[in-house]
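S.K.: If you scroll down you'll find the structure; I have some questions about it.
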Amino acid sequence: MDAYIKVHQKKLNILLLAVSAICYYKAYFTAYKWIVFDLLTLKMETIVVLDMIFIAIFILSVVPCSFGLKYLLCKFLTKQA
């Protein structure tokens, strides 16, 4: 038996984009924290410079990666059994 749930597409897109951005944020800064604080032993000045570089990379990559994650979530949610 096929069952369908009707959803408002605009609200679904906004929700999935928000979830994707949050997931990307968590993954990105978990990896950043692991690299900078566990793998490297650096002076505070170097860490500040790395902070600025990593934040700039995050700002430039959050939108494309969030849209990519949203696409993958949509594909997973609409997958037929």
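The values are calculated or read from the model by the stated rules, or taken from the named source; none is laboratory data. Nothing here was measured: the structure is a model prediction, and the numbers come from that model. All Cβ positions, even for glycine, are placed from backbone atoms using ideal geometry, and neighbour counts span all protein chains on display. Note: areas computed on protein heavy atoms with side chains; ligands, DNA, RNA excluded. Shrake-Rupley method; radii C 1.70, N 1.55, O 1.52, S 1.80 Å.
S.K.: Can you tell me, using C-alpha contacts under 8 Å and at least 6 residues apart, the relative contact order of the chain as a whole percent?
M.R.: 54 percent
S.K.: Another one. Would you work out which of 23, 34, 54 lies farthest towards the positive end of the dipole of the stretch 17-81, given +1 charges on the beta-carbon of Lys and Arg and -1 on that of Asp and Glu, about the Cα centre?
M.R.: 23
S.K.: Same structure, new question: For the chain, find the longest principal axis of its Cα atoms and tell me its angle to the long axis of helix 9-33, 0 to 90°, nearest 10.
M.R.: Helix 9-33 sits roughly 30 degrees off the main axis of the chain.
S.K.: Turning to a different aspect of this structure: Around residue 18, what is the net charge, scoring Lys/Arg as +1 and Asp/Glu as -1 over all other residues with Cβ under 15 Å from its Cβ?
M.R.: With Lys, Arg at +1 and Asp, Glu at -1, the net is +4.
S.K.: Moving to a separate point now. What's the tally of Lys pairs in the chain whose alpha-carbon atoms lie under 24 angstrom apart, where the two lysines are 8 or more places apart or on different chains?
M.R.: Total qualifying Lys-Lys pairs in the chain comes to 14.
S.K.: Please work out the average accessible area per residue across the stretch 1-71, using the 1.4 Å probe convention, and give it in Å².
M.R.: 82 Å²
S.K.: Which of these values of log10 I(q)/I(0) by the Debye sum over Cα atoms at q = 0.11, 0.15, 0.24 Å⁻¹ was calculated from the structure shown: (1) -0.44, -0.66, -1.12; (2) -0.28, -0.54, -1.49; (3) -0.26, -0.49, -1.23?
M.R.: This structure yields the entry labelled (1).
S.K.: Sticking with this one: Can you tell me the 0 to 90 degree angle between the C-alpha axis of helix 44-77 and the longest principal axis of the chain, rounded to 10?
M.R.: Computed tilt is about 10 degrees.
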